[in-house]
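Worksheet for the structure shown next.
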Amino acid sequence: MNEEIGAKKTTIININHSGINNMDKLYIENKIKSLSKEDLEKLQYVADILKSGGIVAFPTETVYGLGANGLDEKAVEKIFKAKGRPSDNPLILHVASLNQMQDLVLEIPQNVEKLIDRFWPGPLTLVMKKGPKVPDIITGGLDTVAIRMPAHPIALKLIEMSGLVLAAPSANISGKPSPTRGEHVVRDLDNKVDAIIMAGECNIGLESTVLDMTGGIPTILRPGGISKSELEKVLDRVDLDKGLIDSTNIKPKSPGMKYTHYAPEATVYIVRGKNFVDNIKNLSKKYEKKGKNVGILCFDDTYNNYDNPVVKSLGARNKLEEAAFNLFNILREFDDLNVDIVLSEAVEEVGMGQAIMNRLIKAAGNRIIEGE
Ligand code: AMP
Ligand code: MG
């Protein structure tokens with residue numbers, strides 16, 4: 001295996017897999033059982049790379065992850081280098097069993113079992129007190145560790161076959177939109193990682209919800225695939241980290257939240273307010289006069305109002321799961337179309353809208369235009 005990052009020959013492995021379309025445990029188990037002999041041979045090859053300290057991109061139901069043995073500092077260091085990720089941004093550890101999880105934490109807080117029972121495998125990451133086995137490079141020096149059990153059959157099977165706990169941040173260059181298709185990973189990480197498993201689209205398309213279980217009240221540190229209201233069906237009370245609401249005055253508890261993220265090459269502006277369509281159209285004219293290529297990011301409901309050459313819809317406003325699924329791919333499409341400025345509609349911050357707006361605001365580097 002080539003030790004030098006940036007000078008690797010990446011093995012591209014294609015697995016024909018439709019992913020999953022729900023989080024039912026039995027359904028996922030059956031999907032794992034239906035992996036073919038050929039698929040399993042490919043996964044064994046990748047598991048062996050992981051066992052010998054290599055780094056490998058693979059699909060999860062949220063976004064593609066870049067995995068390494070989470071308890072091997074040297075292997076984890078390669079992830080940070082390949083992504084250009086700041087070292088104080090901790091990684092999530094991915095497990096395929098409860099035994100694996102128990103080994104990583106000091107204690108299992110109240111309510112964790114209930115959450116696991118309802119939401120694992122799935123897009124919920126739980127932050128708990130870290131046990132002694134977890135290296136500091138994983139947690140960025142924090143005394144807590146973030147753990148998740150992914151639901152994608154390929155991810156689960158790969159973890160199981162490697163016998164390892166996998167550190168797996170999103171498989172993109174830090175700061176870029178997260179990869180929701182194998183092609184996105186190849187574009188960002190070809191020749192920087194040992195292997196890339198390409199297996200179609202991720203069915204959720206947004207990262208997991210990060211929930212801090214170390215304080216009294218479970219607190220969302222990053223909104224994601226499981227909404228606050230879904231968590232509230234299981235827990236009496238769930239808070240949203242105050243740093244997410246007012247990040248200029250309060251430091252977010254999740255170190256990753258302070259970085260600009262998800263950004264396409266273009267400068268993104270979010271336009272809010274009652275007359276947002278007119279305001280977007282006026283701004284668009286203004287930028288076009290300056291010779292800029294303007295792209296519009298909107299919903300089906302208002303799509304026909306815009307006559308710009310590049311107009312992309314996230315889907316219907318009443319189907320935010322679909323918008324979440326489309327978001328990162330569309331942000332990357334703007335790059336392909338050489339757009340200089342993206343003017344984006346906003347969405348109400350409820351349900352999945354919370355996670356969508358969190359990603360959009362980051363993609364926009366906080367450039368929000370509040371109109372009438
Ligand atoms: P990514 O791996 O790109 O999905 O990002 C992982 C997210 O989880 C980042 O926002 C991290 O800051 C967050 N995270 C990981 N570990 C912890 C932790 N121990 N405490 C708080 N947030 C964490
Ligand atoms: Mg990421």
| field | Exclusive hit being of a type in the set (Val, Ile, Thr) and closer than 30 Å to Phe334 by Cα, set Ile147, Ile154 | value | Ile154
| Pairs, please: C-beta under 8 Å, at least 6 apart or cross-chain, first residue of a type in the set (S, T, N, Q) and in the range 83-95, second more than 13 Å from ligand 2 (Cβ to nearest atom)? | Ser87/Ile137; Ser87/Gly140; Asn89/Gly140
| note | Of (1) away from ligand 2 (no atom under 16 Å from the Cβ); (2) over 14 Å from Thr60 (Cα atoms); (3) crowded, with 21+ Cβ neighbours inside 10 Å, Asp188 fails just (1)
| query | Out of (1) more than 16 Å from ligand 2 (Cβ to nearest atom); (2) surrounded by fewer than 23 Cβ atoms within 10 Å (Cβ to Cβ); (3) assigned to a loop (DSSP other than H, G, I, E, B), what's the single condition that is false for Gly175? | reply | (1)
| query | Can you tell me which residue in the range 198-214 is surrounded by the fewest Cβ atoms within 10 Å (Cβ to Cβ), limited to those that are among the polar types (S, T, N, Q) and more than 11 Å from ligand 2 (Cβ to nearest atom)? | reply | Thr214
| Matching residues, the range 243-285, being away from ligand 1 (no atom under 16 Å from the Cβ), surrounded by fewer than 18 Cβ atoms within 10 Å (Cβ to Cβ) and of a type in the set (S, T, N, Q) | Thr248, Asn249, Thr267, Asn275, Asn282
| Residue ID - nearest to ligand 1 (Cβ to nearest atom), chosen from residues in the range 139-153 that are in contact with a helix residue (DSSP H, G or I) (Cβ under 7 Å, 6 or more places away or on another chain) and either part of a strand (DSSP E or B) or closer than 28 Å to Phe325 by Cα (or both) | Val145
| field | Which listed residue is of a type in the set (A, V, I, L, M), within 16 Å of ligand 2 (Cβ to nearest atom) and in contact with a Ser or Thr (Cβ under 9 Å, 6 or more places away or on another chain), from Ala195, Ala151, Ala155, Ala167 | value | Ala155
| said: Looking at the range 134-155 only, could you name the residues that are crowded, with 24+ Cβ neighbours inside 10 Å and more than 22 Å from Pro218 (Cβ to Cβ)? | reply: His152, Pro153, Ile154, Ala155
| message | Looking at Ile49, Ile28, Ile79, Ile12, can you tell me which residue is in contact with a His (Cβ under 9 Å, 6 or more places away or on another chain), at pLDDT 95 or above and not aromatic (Phe, Trp, Tyr)? | response | Ile28
| query | How many residues, within the range 211-242, are within 16 Å of ligand 1 (Cβ to nearest atom) and without any contact (Cβ under 8 Å) to a residue 12 or more places away in the chain? | reply | 2
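The values are calculated or read from the model by the stated rules, or taken from the named source; none is laboratory data. Predicted model, so just to flag it, every value in this text is computed and none were measured. Note: ideal-geometry Cβ built from the backbone for every residue, glycine included; neighbour counts use all protein chains shown.
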